[in-house]
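Step one of this worksheet: look at the structure below.
Each value in this text was obtained by applying a stated rule to the coordinates, not by laboratory testing. On a predicted model such as this, the values are computed, not experimentally measured, just so you know. Positions of Cβ are backbone-derived with ideal geometry, glycine not excepted, and every protein chain shown enters the neighbour counts.
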Amino acid sequence: MNRIFHKVMLAPEVAWLEVEAPRIARRWKPGQFVIIRPTDDSERIPLTIVDGDAARGTILLVVQGVGRTSRLTISREPGEAFTDLVGPLGEPATIGVFGRVVCVGGGVGVAELLPVAAALRRVGNHVTAVCGARSRSQIILDAELHAAADEVCWSTDDGSAGFHGTVVDLLRSREAEFRRAGMIHVIGPIPMMRAAAELTRAWGVRTFASLNPIMVDGTGMCGGCRVTVGGKVRFACVEGPEFDAHQVDFEELARRNSAYREQERLAMQNHECRIGLVLTRQG
Amino acid sequence: MPQTGPKRTPKAPRQELPLRDPQSRTQGCGEVSLGFTLKQAQMEARRCLDCKDPKCIEACPLHIDIKSFIARMIEGDFEGALERISEQNPFPGVCGRVCQCELYCEKACLLGRKLKPVAVGALERFAADYASQCGNGLHAEPNGRKVALVGSGPASLIAAYDLVRKGYQVTIFEALHELGGVLAYGIPPFRLPREILRQEIDRLRAMGVEFCNNFIVGKTASLDELFEEGYSAVFVGTGAGLPHLMKIPGENLIGVYTANEFLTRLNLMRAYDFPHSGTPVRVGKRTLVVGGGNSAMDAARWARRLGSETTILFRRGRAELRARLEEIDRAEEEGVHFEFLAAPVRLLGDETGAVREMECIRMRLGEPDETGRPSPIPIPGSEYRVPVDTVVAAIGQSPNPTLQRATPQLITNRGKIVIDDRGQTSLPRVFAGGDVVRGGSTVILAMRDGRAAAEAIDRALQEGR
C-alpha cells in the first residue's frame, strides 16, 4: 500500500511522485486532495491530486520541500511507501462551461492547475494557463501544461524566462483579454492568490481559489482548517478547498498558516544541527 | 453446592483506587489511576453480596455477568473472571477505565443503598490488567456473509465482536490512521493507555476481524460500492466528529482550538512529543478551556501537563458540570481552576493574530431549559477581561457529516442519522448507532448501540430482509 512507483525531481526541491492508491485513482476528481503521513512520526499533510490512473492504480503528487514533513516526503525513494495515505478528500473544483477560462498558478501550484485546466478544456472552454516561477530553473511541467491548456504563458520574478514580474503582473498585463473571461481559477501562495483575487474583483470576473490551510484530520473533525468566506466560518477540508476568491479572508488565512512557524523553525534548526553533528562525526 | 472459599465481607470499606500523585502526573502522560493491587482486588471482590437477583447485571448496558466474574475473582481465578466478562465485553481494559459505571452497575448495586457500592469498574479493569489476555474459544463457524462496519470507535468494536462470534466476516473501515475512534483521538493516554486499547483491538484481530484504516466511506468508496463488493449489511458508527464553535468574534485567532483539534493533536498526533513527533500544538502560559464536560476536563488536564496555568470557564454552576465526578476531582488535584457562571463574549488578539485576551460575561441561573438544567442568563454590564494565550472550546459536537453528505438518501435529523426501533436507517441493510445517532454521548452507550445493531443485522440477514 502507498508505494512510490516513480519519482522525478522537477526542480531542486520539487518532486513528482507516482504513488500506489488504486481506490483513489478510480474516484478522484480535479481539485480534490489526499492526506499523507510520509513516516511513522510524521504529521498529516494535505497534497493536491495532480492526476490519477485507474488502470495503473496510481495517483500523481507534486510536492515542494518547504517544511520538515514535505522534505521528508520528497526524500522518499521509489520502492518505499508512505506510512499513511487517505482520500480523495474535499469537494471537486468547479468545472463548467464558461467560454474563456484563465487558470492562474504560482510556484508548485502550477502542478495543481493541470487537472483543473484539462477538465475545463475537456468540457469545451478555451483555457489559458498563466503560470509563475521565481526563475527559469524553477519552471516545472511546461510540456504537461501545454497538453492540458490551449495556451500557456509564464512569468519569472527575475525575468530569466517569459514575462518579467509576478504572475499577477502577467495577469494584469493582459487585462483586455482576461477581463472577458467567464471564470478564473487561482492556486498558489496566499499573497499571490490574494493579489489575483483583488485584481479580478476589480474586473468583475468570477474567481475561485483553491486554499491551503493547515489541516489535521481532513475529514471535518477538528476545525483547524477553518477559513472565513463571506463572513462565515467554513471548513476547507470538507466544504473546500475551493471557495469564491472574492469572499475569502486571505489575511486571516495567512495569519493562521503562520501559527506554528516559530515552532517549526526551531524544530528544523534542531534537526539540521543533529544532521550536522552526525556528518561531522562521520567526517 | 455448598459455599466454600473465602468469606464475603460486605461491610468492609470500599477500596480506594491508588492514584499517581498530582505533582508527578503533570510531568508526563503516564496513566493517573494505577488500578487496584492484587490484595485490594481480592478485598473489594469479597464485598459483593452475591445477590440472588443481581441488579447490577441488568443495569450494565452490556449486561456483563458481574456477579459471576466477581465470584471467580474471590476464588483467585482471574482468567476465569476475564472469560466471564469477555462473554459480553471484549474490552474490559477500556471499559474498566472509561465506563461511567457510577450511572449503571454501581448505581444499581444493592450494597450502595446503605454503604458504598462494590467498585465494579475497578474490578473489571483489574481482571483485564492482571489476567493474561487470552484469545477466546468463542469462535463460530463462518456463515459466509460479510458485514462492513464504518468507523472503529466503541460502537463498531463491540458490533464486530458480536458479529464475528455469530460467524460473520467483519471488516472495520477507519478514516484516520489509527484505530479506536474517540478512544484514540478523544481520550488522553493518561486516562486510557494506548497499549491497552491496542491489545483489546488486537483481540478482535485475532478473532478474524479485518481492519482497514485510511478509508473514508463516502469518499474512498461509497456505501453502494461496499454492497457491490459483497458486504451484506453495513453498520454506520462514525461518531460525533463535527465540533461546535463558540461563534464569537476572534474565534479564528491563533491559539484558539476546538477541543477536537486540541485533543487530536495531543492524543492522536502526540504533539506533546514535538518535535520528535511531527505535529505541534500551541500551549502558552495561560489556558482557558470553555465547557463543562469530559472533553473540557481532558483538555484542561493536558494543558496542565504542558505547564500552562489552566482555568475551566463554565457558564453554569458546579452542580451542572456534565463531566464525571472523578474527572473533575482529578482536574482539581492537578491544579486546574474553575470559573463558574461566566461565558466568553469575544477574543482579542495581538498584531500577529495570536489570542491575548478573552472578554467574559457573568451569568446567573434561570428556569430549566430543554435539557432540564437551569438556563444561564447573562448579567448585563458584568463584562470583564482576562489575559489568555490558549483557548479551547469544549462545547460539544454533532455527527460527522461525511458519509451522510455522500449518501443523500440517508435520512437525518439535524445531522443525526435517523434509525427505527430495529436500529435500521432509511436504507435497507444499513444500520447505525452510537454518537452518529445520539449526538455527543458516552462510550458505553455507543457500545450498547453497537451490540443492538449486531443483533438487528443478524436478524435482518437471517430473515433475508
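A few remarks follow.
- Residue by residue, segment B:55-67 carries 3J(HN,Hα) couplings of 6, 4, 5, 5, 6, 5, x, 9, 6, 5, 7, 4, 4 Hz when phi is fed to the Karplus relation 6.51 cos²θ - 1.76 cosθ + 1.60 (θ = phi - 60°); x denotes Gly or Pro.
- With contributions of -39500 (n - 2.57) from each DSSP H run of at least four residues, the per-residue ellipticity at 222 nm computed over chain B stands at -8500 deg cm²/dmol.
- For peptide B:267-279, the mean count of partner chain Cβ atoms within 10 Å of a residue's Cβ comes to 5.
- Whole-angstrom gap from segment A:193-217 to segment B:297-315, using each part's C-alpha centre: 37 Å
- Highest-MSF residue in chain A out of A:Thr58, A:Thr200, A:Thr83 [GNM, Cα springs under 10 Å]: A:Thr83
- Summing +1 for each Lys or Arg and -1 for each Asp or Glu among the other residues whose beta-carbon sits under 10 angstrom from that of B:Gly151 gives -2.
- In this rough spin-label picture, where each label sits 7 Å from Cα along the Cβ direction, the A:Val66-B:Glu351 distance is 2.4 nm.
- Antiparallel DSSP beta bridges within the protein assembly as shown, percent to nearest 5: 50 percent
- Pairs of Cα atoms farther than 18 Å apart, segment A:4-89, %: 34 percent
- Counting only Cα atoms, the size of the protein assembly as shown along its three principal axes is 98, 66, 66 Å, in decreasing order.
- Convex hull volume per residue in cubic angstrom - Cα atoms of segment B:315-373: 118 Å³
- Simple spin-label estimate for A:Glu262 and B:Ser441 in nanometres, 7 Å along Cα-Cβ: 4.4 nm
- For a label point 7 Å along the Cα-to-beta-carbon line of B:Leu49, residues of segment B:11-38 with backbone N under 18 Å: B:11-15
- Within the shell of other residues whose beta carbon sits under 10 angstrom from the beta carbon of B:Gly284, the net charge comes to +2, with Lys and Arg scored +1 and Asp and Glu -1.
- Gaussian network model of chain A, springs between alpha carbon atoms under 10 Å - residue of A:Leu72, A:Leu113, A:Leu85 with greatest fluctuation: A:Leu72
- Under 20 Å of direct C-alpha separation, and excluding same-chain neighbours fewer than eight residues apart, B:Lys166 reaches these lysines: B:Lys146.
- Summarised in one figure, the compactness ratio Rg/Rh of segment A:45-91, Cα atoms and Kirkwood Rh, is 0.95.
- Percentage, to the nearest whole number, of Cα pairs in segment B:192-339 over 18 Å apart: 68 percent
- Every pair of different Cα atoms in segment A:176-276 enters the Kirkwood calculation, which places the hydrodynamic radius at 15.0 Å.
- Distance from the Cα centroid of segment B:366-417 to that of segment B:213-259 is 17 Å (rounded to whole angstrom).
- In a fully extended conformation the segment linking B:Ala319 and B:Lys114 would gain 71.4 nm over its present Cα-Cα distance, using 0.36 nm per residue.
- For segment A:100-257, the direction-averaged projected area of the alpha-carbon convex hull comes to 9.1 nm².
- Viscosity 1.567 mPa s, temperature 4 °C, Stokes-Einstein D of segment A:56-180 from Kirkwood C-alpha radius, µm²/s: 81 µm²/s
- Centroid-to-centroid, using Cα positions, segment A:38-74 and segment A:108-183 are 23 Å apart.
- Taking the charge dipole of segment B:22-130 about its Cα centre, with +1 at Lys and Arg Cβ atoms and -1 at Asp and Glu Cβ atoms, the residue from B:Ala108, B:His63, B:Gly80 reaching farthest to the positive side is B:Ala108.
- Rounded, prolate or oblate (a/c below 1.5 giving rounded, otherwise prolate when a/b exceeds b/c) for segment B:270-356 by Cα gyration tensor: oblate
- Lysine pairs in segment B:22-130 whose alpha-carbon atoms fall under 20 angstrom of each other, counting only those eight or more residues apart or on distinct chains, come to 14.
- Environment charge of A:Val97, counting only residues whose C-beta is closer than 14 Å and scoring Lys/Arg +1, Asp/Glu -1: +4
- Cα Rg, Dmax (largest Cα-Cα span) when computed across chain A, Å: 18.7, 62
- Top of A:Cys153, A:Cys131, A:Cys103 by mean-square fluctuation, Gaussian network on chain A, Cα under 10 Å: A:Cys153
- Computed magnitude of the charge dipole of chain B (debye, nearest 20; Cβ of K, R +1, Cβ of D, E -1): 1000 debye
- Rounded to whole Å, sorted largest first: equivalent-ellipsoid semi-axes of segment B:77-121, Cα gyration tensor: 21, 13, 8
- Helix-only [θ]222 nm of chain A, DSSP H runs n ≥ 4, -39500 (n - 2.57) each, per residue, nearest 500: -9500 deg cm²/dmol
- DSSP beta bridges fully contained in chain A are about 60 percent antiparallel.
- Radius of gyration and Dmax over the Cα atoms of segment A:135-191, both given in Å: 12.0, 32
- Summarising the strand pairing of segment B:245-395, around 45 percent of its internal DSSP beta bridges are antiparallel.
- Quick note on segment B:59-185: its Rg to Rh ratio, both from C-alpha atoms and Rh being the Kirkwood radius, is 1.01.
- Overall form of segment B:22-130 per C-alpha gyration tensor (a/c, 1.5; a/b vs b/c): prolate
- Sequence-separation-based contact order of segment A:58-143, relative, with Cα cut under 8 Å and 6+ spacing, percent: 26 percent
- For B:Asp298, B:Asp65, the sequence from fewest to most other C-beta atoms within 10 Å is B:Asp65, B:Asp298.
- For chain B, the Kirkwood estimate of the hydrodynamic radius, built from every pair of different alpha carbons, is 23.5 Å.
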